[in-house]
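The values are calculated or read from the model by the stated rules, or taken from the named source; none is laboratory data. This structure is a prediction, so every number in the text was calculated from the model and none was measured. Virtual Cβ from ideal backbone geometry, glycine too; neighbours counted across all protein chains shown. Heads up: the accessible areas ignore ligands, DNA and RNA and are worked out on the full protein's heavy atoms, side chains in. Shrake-Rupley method; radii C 1.70, N 1.55, O 1.52, S 1.80 Å.
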Amino acid sequence: MIVMKFGGSSLASAIAIRRAAFLVRSEGPRNPVVVVSACGTTTDQLDAILEDASQGRAYLAWTKQRDLASQYYSLASELLAGVEVVQIEQYLRDVFRDLHLLTIDLAENGRELTPEIRDRGLSIGEQLSSRIVAAAFNRAGVPAVHLDARELIVTDDHFNEAAPVLWETYAKIRAALPEPTARSVGGPIPVLAGYIGATPDGRTTTLGRGGSDFTASLVGAAVHAEEIQIWTDVDGVMTCDPRVRRNVHRLTTLSYEEAAELARCGAKVVLESAMSYVCPLA
């Protein structure tokens with residue numbers, strides 16, 4: 001069994017999600033479990049919506065929410081058809097209605113944007129992406145089943161940076177995922193959200209920014225996975241982290257020794273051909 005985690009850049013468009021489906025299909029014989037981040041910049045958009053609402057900017061929060069909802073309706077219509085798109089659109093309506101009610105409560109009723117409420121809002125991105133990705137995989141001929149990460153990842157109540165309760169989390173993951181020998185090749189592939197979990201009494205939590213990689217590690221440890229693959233879309237191997245400085249350049253060649261040194265220094269993406277890095281588990 002392997003774990004395949006797809007970051008937001010790998011799920012930012014219908015084309016990207018179809019590419020992810022192709023990659024998962026190619027790993028079918030190894031019994032993959034898929035962990036997904038929120039699509040594109042969804043988490044940042046949700047954070048901005050919550051901040052605007054908490055500052056009383058109700059109309060601005062509503063327009064940003066409307067734009068985000070439009071993105072997801074468009075994504076669903078590109079990826080799905082028939083009863084599948086009808087079901088997803090109903091799910092989207094429910095989710096964005098709840099988000100709208102939350103922002104009204106913040107903007108007009110003076111409710112405080114507590115860490116717990118922020119987690120409720122920010123978790124929406126992963127909830128949406130995992131549902132849509134599972135449905136899109138099925139549409140693309142990759143049988144998949146959606147699992148609610150909040151029912152598997154048990155955490156404490158340190159909202160925004162919750163810590164998992166490891167042994168209870170492992171037990172729930174193992175119970176939810178079939179043993180590799182029991183899941184025939186071609187059976188449904190589990191798809192679950194990264195980044196989010198829940199307290200024992202069911203309150204939604206997040207594992208902190210970048211928490212989807214953490215979720216993938218938890219799943220991998222729980223099922224004794226052969227490896228964890230972290231997938232992200234980038235332009236190539238750069239001369240510097242583009243988030244640190246501007247005017248970086250893409251390298252056209254890179255020796256094995258240079259790639260190994262980059263990895264030792266903490267570089268995440270060192271394989272331009274695959275656009276991924278793989279973490280073998282002991």
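Counting only alpha carbon atoms, the long axis of helix 211-223 and the longest principal axis of the chain meet at about 60°. May I ask for the angle, rounded to the nearest 10°, between helix 58-79 and the longest principal axis of the chain, with both axes built from Cα atoms and the value confined to 0 to 90°? So the helix axis and the longest Cα principal axis differ by about 40 degrees.
Averaged over its residues, the chain has an accessible area of 49 Å² per residue, based on protein heavy atoms and a 1.4 Å probe. Rolled with a 1.4 Å probe across the full set of protein chains, the surface gives Ser37 an accessible area near 20 Å². Computed from the C-beta positions of Ala175 and Asp201 and an R0 of 25 Å, the FRET efficiency is 0.80 to the nearest 0.05. Give the angle, between 0 and 90 degrees and rounded to the nearest 10, that separates the Cα long axis of helix 124-139 from the longest principal axis of the Cα atoms of the chain. The helix 124-139 is inclined about 60 degrees to the chain.
One decimal place: the segment Ala221-Gln55 gains 55.6 nm when fully extended, by the rule 0.36 nm per residue minus the C-alpha distance.
The relative contact order of the stretch 74-206, computed from alpha carbon pairs under 8 Å that lie at least 6 residues apart in sequence, is 29 percent.
As a fraction of the 1.4 Å probe accessible area of the stretch 35-76, surface on carbon and sulfur atoms comes out at 52 percent.
Note on surface exposure: Thr114, Thr253, Thr103 rank Thr253, Thr114, Thr103 by accessible area, highest first, 1.4 Å probe. Across the chain, C-alpha contacts under 8 Å between residues 6 or more apart give a mean separation that, scaled by the residue count, equals a relative contact order of 23 percent. Its Cα centre serving as origin, the chain has a Cβ charge dipole (Lys and Arg +1, Asp and Glu -1) of approximately 560 debye. Note on the chain: antiparallel DSSP beta bridges, both residues inside, total approximately 35 percent of the bridges counted.
Available extension along the chain between Asp67 and Ile15 is 16.7 nm, counting 0.36 nm per residue and deducting the alpha carbon span. Average 1/r across all pairs of distinct alpha carbons in the chain, invert it, and you get the Kirkwood radius: 19.7 Å.
Here is how the number arises for the chain: DSSP H runs of 4 or more residues each give -39500 (n - 2.57), the sum is divided by the residue count, and the result at 222 nm is -15000 deg cm²/dmol. When Asp52, Asp201 are compared by accessible area of protein heavy atoms, the largest-first order is Asp201, Asp52, using a 1.4 Å probe.
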